[in-house]
Amino acid sequence: MSVKTLAVPLDLNRILSDFSDDIQKKNVRFLYSLSLLPNRKVAFHSADADGIVSAAILKTLKEFQTAIYIPLGFQELHHLELAHFFQTLNWCAIVDLPPFNRSMMNLYCDHHQSNKTLYKNAEIVIFDESAPSAAYLLAKHYQSRLPDSLKLLADLTTITDTAGFTIASPENIPSHILEVTRQEQAWLLDDICRLPETSEEILTLVQDFSSIQLQVFENEFYRKRILGLRSQRKRSIRLAEEFETKDVVIIIQGKTKFLKSAVVRRLFEKGVFITCVLFPGKIFTGISLRVNPQIPNSELAHYQVETLAQEFAGGGHPRAAGGRGPSLSATLTKIIEWTQERNFNYRVYDLRKNQKVLGM
């Protein structure tokens, strides 16, 4: 194992001024405090079920149990100073993220096509861009050492991470996850992994999945919050009904929150080819891109959003990608140019301005 480079302390107060969202500021403070702890560290994608289940899988393995787990997303990894700081930490594993570590570590696992050509500086590399999820790859690699319940959760990420839902979200919650179909189980997993708002809550869920596993879905705290989320999904679907069907629909998030997955799913059902959700911030603009799963693979080259995400230092898959742009206006201009180059018609809905239509 190579000698580790010491991380250079950050001027955190100055960095926090780059973030306008109070929750994001809280998360950055918390992540920075975790980073200063002496233990070796595990980084995982904070934004979805795949990253959370992948972290839970590693947490059950003896060699990773004493590590500090750090959930990371585009916001942190695309901030230049934060990204540089995280690169220098003493990592033992990175899962469902780009291989940003500088020093040799124990394990790297991922399935994103955009990370295929990046150097993986790890003793064990588990990478397959054709795999449906990182958790699936981990469960396959460590199958003899994992309980069946975690194998089930890993299998469900092959639905959640590929937008492979074939049924609408159920309204009720079963008394036990094993009583319902695989599709309903996947909805439960997807919903519970959308509940955390802070990094601390994400780590609590990882710990619960690794310790009590499927009993998480019987916990009254989580069950009540899932019901609230499903009510929000209904409202989000009603919002999507107000949007006109175009090849590309671009949504700028305002103060009123909506459930992105519900809006995107309903727009796809209405015949939209590509959705782009923008999250404007003080310094940068978050970007989430999705392609309708009904578009056949033989035609995907014309639609694949990964190429657009790469223009914003992002990546992902041909059907699902993300990145971070500069100002909202500059980001929007580049996205519209990409859309027009492909002869797509489009609409821009600015939810900061009562859904005013900005584009054609």
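The residue that is modelled with the lowest pLDDT, among those in region 314-354 that are in a loop (DSSP other than H, G, I, E, B) and farther than 20 Å from Asp48 by Cα, is Asn354.
The condition of being assigned by TED's automatic domain parsing to the domain that holds Val42, at pLDDT below 95, surrounded by 13 or more Cβ atoms within 10 Å (Cβ to Cβ) and under 16 Å from the mean Cα position of the chain (by Cα) holds for Thr162.
Could you say whether any residue in region 254-262 is among the polar types (S, T, N, Q), closer than 17 Å to Arg324 by Cβ, outside any helix (DSSP H, G or I) and not assigned by TED's automatic domain parsing to the domain that holds Ala47? Can you show your working first?
First pass over region 254-262, keeping only residues among the polar types (S, T, N, Q): 256, 261.
Right, trim to closer than 17 Å to Arg324 by Cβ and you get none.
Looking through region 254-262, none of the residues is among the polar types (S, T, N, Q), closer than 17 Å to Arg324 by Cβ, outside any helix (DSSP H, G or I) and not assigned by TED's automatic domain parsing to the domain that holds Ala47.
Starting from residues that are in a helix (DSSP H, G or I) and loosely packed, with under 15 Cβ neighbours inside 10 Å, keep the ones in region 170-199 and report whichever is farthest from the chain's Cα centre (by Cα).
Narrowing region 170-199 to residues in a helix (DSSP H, G or I): 177-179, 182-194, 199.
Still in the list and also loosely packed, with under 15 Cβ neighbours inside 10 Å: 178-179, 182.
Values: Leu178: 26, Glu179: 28, Arg182: 21 Å.
Checked region 170-199; the qualifying residue farthest from the chain's Cα centre (by Cα) is Glu179.
Each residue in region 63-79 was checked for being surrounded by 19 or more Cβ atoms within 10 Å (Cβ to Cβ) and hydroxyl-bearing (Ser, Thr, Tyr), and 1 of them qualify. Taking region 240-260 as the range and being surrounded by fewer than 21 Cβ atoms within 10 Å (Cβ to Cβ) and in contact (Cβ under 8 Å) with a residue 60 or more places away in the chain as the test, the residues that pass are Glu242, Phe243, Glu244, Asp247, Gln253, Gly254, Lys255, Thr256, Phe258.
Here is a check on your reading of the model: is Glu299 under 30 Å from Ile15 (Cα atoms), acidic (Asp, Glu) and assigned by TED's automatic domain parsing to the domain that holds Asp247? No. Taking (1) under 21 Å from Val53 (Cβ atoms); (2) surrounded by fewer than 23 Cβ atoms within 10 Å (Cβ to Cβ) in turn, Glu123 satisfies each apart from (1). Could you please find all residues in region 13-39 being farther than 23 Å from Pro326 by Cβ and touching a Lys or Arg at 6+ places or on another chain (Cβ under 9 Å)? Across region 13-39, the qualifying residues are Leu34, Ser35.
Among the candidates Phe74, Phe85, the residue that is touching a residue at least 24 places away in the same chain (Cβ under 8 Å) and either closer than 30 Å to Lys255 by Cα or hydroxyl-bearing (Ser, Thr, Tyr) (or both) is uniquely Phe74.
Quick check on my filter: what residues within region 22-52 are in a helix (DSSP H, G or I), aromatic (Phe, Trp, Tyr) and in contact with a strand residue (DSSP E or B) (Cβ under 7 Å, 6 or more places away or on another chain)? Step through it out loud before you land on a result.
Initial filter on region 22-52 (in a helix (DSSP H, G or I)): 22-35, 49-52.
Then drop every residue that is not aromatic (Phe, Trp, Tyr), which leaves 30, 32.
Residues satisfying the conditions do not exist here.
The values are calculated or read from the model by the stated rules, or taken from the named source; none is laboratory data. In this text the structure is predicted, and so the values were computed from the model without any measurement. A quick note on method: Cβ atoms are made from the backbone with ideal geometry, for glycine too, and the neighbour counts reach across all protein chains shown.
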